[in-house]
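First up is the structure itself, then whatever we jot down about it.
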Amino acid sequence: MSSSPPQLTPSREILEAQAEIVDVFSMFDDWTDRYQYIIDLGRKLPDLAPADKVESNRLKGCQSQVWMVIENRDGRLHYDAISDSAIVSGLIALMLKVYSDRRPAEIIATPPEFVKQIELDEHLSPTRSNGLSAMVRQIRQFAVEALAAEHAP
């Protein structure tokens, strides 16, 4: 007998992480400072092991090279990712802050509203915006697959 899927309600933890990002971005006067902050976040991301930088971990839909590795740790999805572009690595850092080490149902139920709130989508080039969308899709797809596996008969 399989258990019924959990209720998909937004995660307080994810909403708080997003609110924190919005607060930080509100401290900057202009987009030059915001871009520098994003680049600095990217430079602080730990690199992936060479064994993880393989085609099967490469994110499709990004102009830059992006590798993402996922691990299910006691029902929470842990994401590690890096890019060959500093600004894209910064975008990755923002997404990891919001979604890494969260439960699949929480990830699915809590879209990245902070992207609109900080007007990030309006200030990225079309290729970076497409890459960010691809990253969000992949994070959510991993969560959907993990949730389906949890509730498989």
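The values are calculated or read from the model by the stated rules, or taken from the named source; none is laboratory data. On a predicted model such as this, the values are computed, not experimentally measured, just so you know. Here Cβ is always computed from backbone atoms with ideal geometry, including for glycine, and neighbour counts include all displayed protein chains.
For the reader, a short list of remarks on this structure follows.
- Applying the set (1) under 11 Å from the mean Cα position of the chain (by Cα); (2) assigned to a loop (DSSP other than H, G, I, E, B) to Ile92 leaves exactly one unmet item: (2).
- Residue list for the range 80-101, filter: over 15 Å from Lys44 (Cα atoms) and crowded, with 22+ Cβ neighbours inside 10 Å: Val98, Tyr99
- Subset of the range 103-143 (residues that are within 20 Å of Val66 (Cα to Cα) and in contact with a Pro (Cβ under 7 Å, 6 or more places away or on another chain)): Val136, Ala143
- Qualifying positions in the range 23-81 - free of Cβ contacts under 8 Å to residues at least 24 places away in the same chain, in a helix (DSSP H, G or I) and not small (Gly, Ala, Ser): Asp23, Val24, Thr32, Asp33, Gln36, Pro50, Glu55, Asn57
- Some residue of the range 66-77 being modelled with pLDDT under 95, surrounded by 14 or more Cβ atoms within 10 Å (Cβ to Cβ) and of a type in the set (Gly, Ala, Ser): no
- Looking only at the range 7-21, residues that are of a type in the set (Val, Ile, Thr) and surrounded by 14 or more Cβ atoms within 10 Å (Cβ to Cβ) come to 2 in all.
- Qualifying residues in the range 102-122 (those that are under 14 Å from the mean Cα position of the chain (by Cα) and of a type in the set (Lys, Arg)) - the one surrounded by the most Cβ atoms within 10 Å (Cβ to Cβ): Arg102
- Annotation: Ser125 fulfils all but one of (1) surrounded by fewer than 20 Cβ atoms within 10 Å (Cβ to Cβ); (2) in contact (Cβ under 8 Å) with a residue 40 or more places away in the chain; (3) more than 27 Å from Leu8 (Cβ to Cβ); the unmet one is (2).
- Evaluation of Ile87 against (1) over 16 Å from Arg137 (Cα atoms); (2) of a type in the set (Val, Ile, Thr); (3) at pLDDT 95 or above (one fails), failing number: (3)
- Residue-level analysis places Met135 among those that are buried (at least 16 other Cβ atoms within 10 Å of the Cβ) and at pLDDT below 95.
- Index of the failed condition, Asp101 passing every other in (1) touching a Gly at 6+ places or on another chain (Cβ under 7 Å); (2) at pLDDT 95 or above; (3) at positive phi: (1)
- When the range 52-65 is filtered for residues that are touching a helix residue (DSSP H, G or I) at 6+ places or on another chain (Cβ under 6 Å) and over 18 Å from Glu145 (Cβ atoms), the ones remaining, listed by number, are Cys62, Gln63, Ser64.
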